[in-house]
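Single-structure report; data block below.
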Amino acid sequence: MTSFPPRDRGLDHAQETVIAARVFETGSGPLTLHILPTPDETPSMTYRFLDAAGDVVESLTTYGVDTVQALLFCLAAAGDRLRVLDPEASFAQTGVAGLPITELGDPVVWRAVVTMPAGEAPEG
């Protein structure tokens, strides 16, 4: 069982714009991922993991040459961090987190991969 120490307890995050969210099942209860744009003029995105009480467990801001690259880096950074926080975390009872994770190998190319169950094929 993984426990998540609260950070930023008591901060009011209600005024922030969440552009994407996902709830993960973990050994210590639900863990919610929020993706937010930053107020900076630079292309950047922030991820936050929140525990069941709404306290921020982890957060990180990523930067890119544009907001699409910043978003891709943010999602991969969140996927990489989630594997450390709780390697068994999953969403929608799929058994996987469904976030991109960094694939190490090529020293000159950054690559991220996503693993998702294909689901059942429709009948007919």
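Okay, here's what the table says:
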{"quantity": "Gly27 vs. criteria closer than 17 Å to Arg81 by Cα and modelled with pLDDT under 95", "calculated": "yes"}
{"quantity": "Leading residue by the ranking (surrounded by the fewest Cβ atoms within 10 Å (Cβ to Cβ)) among those in the stretch 56-94 that are touching a residue at least 60 places away in the same chain (Cβ under 8 Å) and among the polar types (S, T, N, Q)", "calculated": "Gln93"}
{"quantity": "Residue among Gly54, Gly29 that alone is out of contact with any Cys (no Cβ under 8 Å at 6 or more places or on another chain) and closer than 21 Å to Glu88 by Cβ", "calculated": "Gly29"}
{"quantity": "Flag for Ala97 being part of a helix (DSSP H, G or I) and either within 11 Å of the chain's Cα centre (by Cα) or surrounded by 17 or more Cβ atoms within 10 Å (Cβ to Cβ) (or both)", "calculated": "no"}
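The values are calculated or read from the model by the stated rules, or taken from the named source; none is laboratory data. The structure presented is a predicted model; accordingly, all values stated were derived computationally and were not measured. A quick note on method: Cβ atoms are made from the backbone with ideal geometry, for glycine too, and the neighbour counts reach across all protein chains shown.
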